[in-house]
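> Below is one structure. I have some questions about it.
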Amino acid sequence: MAKLTPMMQQYMDLKKQNEDCILFFRLGDFYEMFFEDAKLASKELDIVLTGRDCGQEERAPMCGVPHHSVLSYINRLIEKGYKVAICEQLTDPSESKGIVERGVTRIITPGTVIESDLLLESENNFLMSLCKNQNEIGVACIDVSTGFFEIGELVVEASASILYDELTRYNPSEIIVDSNMKGYINSVFELKNSKYLVSSMDDWAYEFNHASATFLKHFNKTSLSELDCSHLKMGICAGGALIDYLSRTQKNALLHINKVFLMQRNNSMVLDASALRNMELTRSLKDGGKKGTLLSLLDKTKTAMGARLLRRWIEQPLQETAQINARLDAVEELVSDVGLSISLKETLSKIYDIERLSSKIAYSSANARDLLSLGNSLSALPEIEKLLSCTNSALLNVLHSSLDSLEDIAELINCSIHPDPPTGIKDGGIIKDGFNVQVDKLRDASSNGKKWISDLEIEEREATGIKNLKVGFNKVFGYYLEVTKSYYDKVPYRYERKQTLANAERYITDELKEMEETILSSEDKLIRLENVVFCEIRQHIQQQIPRIQQSAQVVAQLDSLYALAVCAREYNYVRPTVDEGFDILIEEGRHPVVEKMLNNEMFVPNDTKLNTTDDRMIIITGPNMSGKSTYMRQTALIVIMAHVGSFVPAKSARIGRVDRVFTRIGASDDLASGQSTFMVEMTEVASILRSATRRSLIILDEIGRGTSTFDGLSIAWAVLEHICSTDSIGARTLFSTHYHELTQLEDNLEGVKNYRVAVKEVGADIVFLHRITRGGSDKSFGIHVANISGIPSKVTNRAKEILSQLEDVDMKQSSIMDEVNNRSIVVEQEQNTPAVNNDFTEIVNRLKDIDLSVTTPIEALNMLYSLQAGVKDLK
């Protein structure tokens, strides 16, 4: 077999080291791919597949993309779940003897993207690491583009649902796992068919000794106790493997990852995947986007850092009342001080994404324009420091004391970087005049040389009499004197012919050649020197990244508080009272998102009263489309907003601290995992019953609909009893239902109250008043809703006839609650009846007498209870 060419052998050696990546091989102004990579990239990127001589009989399949537009192609591959290895030329081709040295400088994966063009500025891009032993699951999560790094642990016994919650909250674009975790995560979540890119790491990377050593080396510590994480052994395993993975793929020191945060679920309100989804806090149910969410309403931030932090605040509301009230104090001060808010708006608007600029600096990929953006951003910090110095609230004072104005870095950038630099750092023109003596000398030499060239043209015209003589330059011949045909007779002997054109001749002189060498030499040296000076400036700023990140975090917090204050003022929100009590008292509460979506309509506000004594559970009845779900959601959203530290849409609100918000609203078949609507519903209810506490808020919408009437009613009944009972849960609960039989629970269960949505009947039509009033509803108005929805009148009229017949029969039934309450009496009577002892005659006779054609479902249920009681103890 013929040997490969040296260049192609170089490619094959690098490809062998990165077999799981598509190798982008730099050749001049292009990145090229060969063999199987070329075939794959050609198909995925829809670019032409060609061939290249490789030293063998058949040409190597090849495709390529221009280096200046490579990011767009990489992004398309990353979005499809591929990894891309970037192979650069490490030596200058003009100075290389033989083949140019090349090497992989970075591997880009979905979780390691730092380029702003490939990321959503308002969202974090998380890479997650997971590992597992018999008792715990280690979790580590990082946003490489910002340096945010967290580790934690989950208990295996409860890990399935909690891990799913964490995946929903972080929404990682990539997950790395050990062998134990890969089998577990695929069996539980079937992630192999999901949107997540899951990759296996070698198990040795997750071993505690290796992982902890990696941890300590990266953070430059001698003990894990210095990082306050020595108790999280599995978290350290996951985190150490994650740092190892980044070191191998990013091939730099990762200076911007310099702090580790601990995942502390106990310090924030727990919102599981169902709550995050159903409440549409940050992602819409419709398309997963931001529009129509609580985040879209509250996000008045002026910086990308603030937008990302506000998203985390909403997804992880506070749990400590002291912290909540500290935020509320800060928001209240910004609401009342309009001048402060206006000044903050103007100043924050000048600040770029400092966090992601820091990451580019850490990667040594920041160009001169990036440094200018950083410098302009830092120049706004002294003004923020001045504004915060006049504030009174404790949190704003803490932010003021934590803010480093970074004037030294801003001054360095302002003095060194040209105000209008090129994009590339090897194109020259990036260092400001007066910053570096050697740069100034070379620039002066280059400028004087060019002036000499300009003066030469004038001098030669006068000396020769050639009026249209001009001096030109190209990369092949350098500088030249160009003379047209009509003046050939005036060309002096000292001119040396260099090139003949159709209508002109080009010449050089000894003087011109000497000056050309001076100019080109100085320009080349200038470009090289500017690049060296720029890299030194960037390296100096790299050492200040922790300071920059600290100020970026202050700006992000201030921006988020500012956004909440703007919303409070614009939307007429009020400050809630958040305390350690159990009362949820909302006067004239409104749904924050729905009220803003109404066009020229007034939103109807409603009160809410919940506690853990007389008003533990509110059962809400009323027709579909009347506003039951909106009312329940608005209550939950107001509670969540209060815990975020936001003002709320109400006339007044008192919120007793809530540890978790559970929702069971709507359902759809999960076809991918083979789960029906009812199965999904029951799974969510089961999670609530396992995890809810007295401090929780539970929102239940129509449970039991996915099965038969009897089954559904029975399950709903039993679930409500369990939740309401102080012996089991006793949580504050809102429950909507069409099972009107459940309204009888008010008279039989302590803490239950019936409410209904008011409806006004106008002849044959109904008007939804959207007002929640005391008492239960005895009508569903389902036929009216069907009529409004466009069901043909022939069908709805027939439905009315059938309903009338069923209601006539149903009037004969006894109260189902009476039957349930009397069940023990019935059992006792049956047991004390001698005639029944081991004798089924009476029961058979009773069954024979039942006319099933006219028996309603409720009557049948009552009879079944009675018969079962009669035969329960028979042998």
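The values are calculated or read from the model by the stated rules, or taken from the named source; none is laboratory data. Small disclaimer: the values here were computed from a predicted structure and weren't measured. Note that each Cβ is placed from the backbone with ideal geometry, even for glycine, and that neighbours are counted across all protein chains shown. Each accessible area value is taken on the protein alone, full model and side chains, heavy atoms only, with ligands, DNA and RNA left out. Shrake-Rupley method; radii C 1.70, N 1.55, O 1.52, S 1.80 Å.
> Considering segment 436-470 alone, what residues qualify as being within 20 Å of Val491 (Cβ to Cβ) and hydroxyl-bearing (Ser, Thr, Tyr)?
Thr464
> Given the criterion within 27 Å of the chain's Cα centre (by Cα), over 30 Å from Asp92 (Cβ atoms) and open to solvent by 60 Å² or more (accessible area, probe 1.4 Å), identify the matching residue among Gln553, Gln549.
Working: Gln549 fails: open to solvent by 60 Å² or more (accessible area, probe 1.4 Å).
Result of the check over Gln553, Gln549: Gln553.
> Return the residue satisfying two criteria in turn: it lies in segment 418-442 and is in a helix (DSSP H, G or I) and either farther than 20 Å from Val532 by Cβ or hydrophobic (A, V, I, L, M, F, W, C) (or both), and of such residues it is most open to solvent (accessible area, probe 1.4 Å). Give the steps one after another, and end with the answer.
Within segment 418-442, the first condition is being in a helix (DSSP H, G or I), and the residues that meet it are 437-442.
After this cut, where a residue has to be either farther than 20 Å from Val532 by Cβ or hydrophobic (A, V, I, L, M, F, W, C) (or both) as well, the list is 437, 439, 442.
Numbers: Val437: 98, Val439: 0, Leu442: 36 Å².
The selected residue is Val437.
> For segment 297-321, which positions are small (Gly, Ala, Ser) and either modelled with pLDDT under 95 or more than 15 Å from Val644 (Cβ to Cβ) (or both)? Don't jump to the end; show me each part of the working.
Initially, segment 297-321 is screened for residues small (Gly, Ala, Ser), giving 304, 306-307.
Listed by number, the list holds a single entry, Ala304.
> Moving to a separate point now. Based on this model, can you work out whether Asn209 counts as open to solvent by 40 Å² or more (accessible area, probe 1.4 Å), part of a helix (DSSP H, G or I) and touching a residue at least 40 places away in the same chain (Cβ under 8 Å)?
Working: open to solvent by 40 Å² or more (accessible area, probe 1.4 Å): yes; part of a helix (DSSP H, G or I): yes; touching a residue at least 40 places away in the same chain (Cβ under 8 Å): no.
No; evaluated as a whole, the condition is false for this residue.
> Considering each residue of segment 168-186, count those that are open to solvent by 10 Å² or more (accessible area, probe 1.4 Å) and closer than 24 Å to Asn278 by Cβ, and give that number.
Qualifying residue count for the region: 5.
> Filter segment 1-55 for residues that are in a loop (DSSP other than H, G, I, E, B), of a type in the set (A, V, I, L, M, F, W, C) and either open to solvent by 50 Å² or more (accessible area, probe 1.4 Å) or within 18 Å of Glu101 (Cβ to Cβ) (or both) and give the result. Steps first, answer last, please.
We begin by selecting, within segment 1-55, every residue in a loop (DSSP other than H, G, I, E, B); these are 1-5, 18-21, 28-29, 46-49, 53-55.
Now narrow it down to the ones that are of a type in the set (A, V, I, L, M, F, W, C): 1-2, 4, 21, 47-49, 54.
Matches in segment 1-55: Met1, Ala2, Leu4, Val48, Leu49.
> Would you mind finding the one in Val532, Val554, Val593 that is in contact (Cβ under 8 Å) with a residue 12 or more places away in the chain, of a type in the set (A, V, I, L, M) and more than 23 Å from Phe662 (Cα to Cα)? Full working, then the answer.
On the way: Val532 fails: in contact (Cβ under 8 Å) with a residue 12 or more places away in the chain; Val593 fails: more than 23 Å from Phe662 (Cα to Cα).
Every option except Val554 fails the conditions.
> Ile425 - would you say it is of a type in the set (Val, Ile, Thr) and modelled with pLDDT of 95 or more?
Values: of a type in the set (Val, Ile, Thr): yes; modelled with pLDDT of 95 or more: no.
No: the conditions fail for Ile425.
> Based on this model, can you work out whether Leu276 counts as more than 23 Å from Thr112 (Cβ to Cβ) and in a loop (DSSP other than H, G, I, E, B)?
no
> Where residues in segment 255-273 are in a loop (DSSP other than H, G, I, E, B) and of a type in the set (S, T, N, Q), which of them is surrounded by the most Cβ atoms within 10 Å (Cβ to Cβ)?
Keep residues of segment 255-273 that are in a loop (DSSP other than H, G, I, E, B), which gives 255-260, 263-264, 269, 272.
Still in the running and of a type in the set (S, T, N, Q): 258, 264.
On the way: Asn258: 15, Gln264: 11.
That would be Asn258.
> Now a separate question. Kindly check whether there is at least one residue in segment 613-636 that is over 30 Å from Ser725 (Cβ atoms), outside any helix (DSSP H, G or I), modelled with pLDDT of 85 or more and not acidic (Asp, Glu).
no
> Residue by residue through segment 328-373, note down the ones that are among the small types (Gly, Ala, Ser) and farther than 26 Å from Ile655 by Cβ. If you could, list the steps in order and put the result at the bottom.
So the first thing to find is which residues in segment 328-373 are among the small types (Gly, Ala, Ser), and the list is 330, 336, 339, 341, 343, 349, 358-359, 362, 364-366, 368, 373.
Correct list: Gly339, Ser343, Ser349, Ser358, Ser359, Ala362, Ser364, Ser365, Ala366, Ala368, Ser373.
> Here's another thing I want to ask about it. Yes or no: segment 562-585 includes at least one residue that is open to solvent by less than 30 Å² (accessible area, probe 1.4 Å) and in a strand (DSSP E or B).
Within segment 562-585 (the criterion being open to solvent by less than 30 Å² (accessible area, probe 1.4 Å) and in a strand (DSSP E or B)), the answer is yes, since at least one residue qualifies.
> Can you tell me which residue within segment 344-369, out of those that are of a type in the set (Gly, Ala, Ser) and within 20 Å of Ala552 (Cβ to Cβ), is surrounded by the fewest Cβ atoms within 10 Å (Cβ to Cβ)? Lay out the reasoning, then the answer.
Let us first name the residues in segment 344-369 that are of a type in the set (Gly, Ala, Ser), namely 349, 358-359, 362, 364-366, 368.
Among the residues that remain, those that are also within 20 Å of Ala552 (Cβ to Cβ) are: 349, 358-359, 362, 364-366.
Working: Ser349: 10, Ser358: 26, Ser359: 26, Ala362: 25, Ser364: 15, Ser365: 16, Ala366: 21.
Looking at the filtered set, the residue picked out is Ser349.
> Here's something else I'd like to know. Residue by residue through segment 452-504, note down the ones that are within 18 Å of Glu514 (Cβ to Cβ), of a type in the set (D, E, K, R) and open to solvent by 30 Å² or more (accessible area, probe 1.4 Å).
Passing the criteria: Asp455, Glu457, Glu459, Arg494, Glu496, Lys498.
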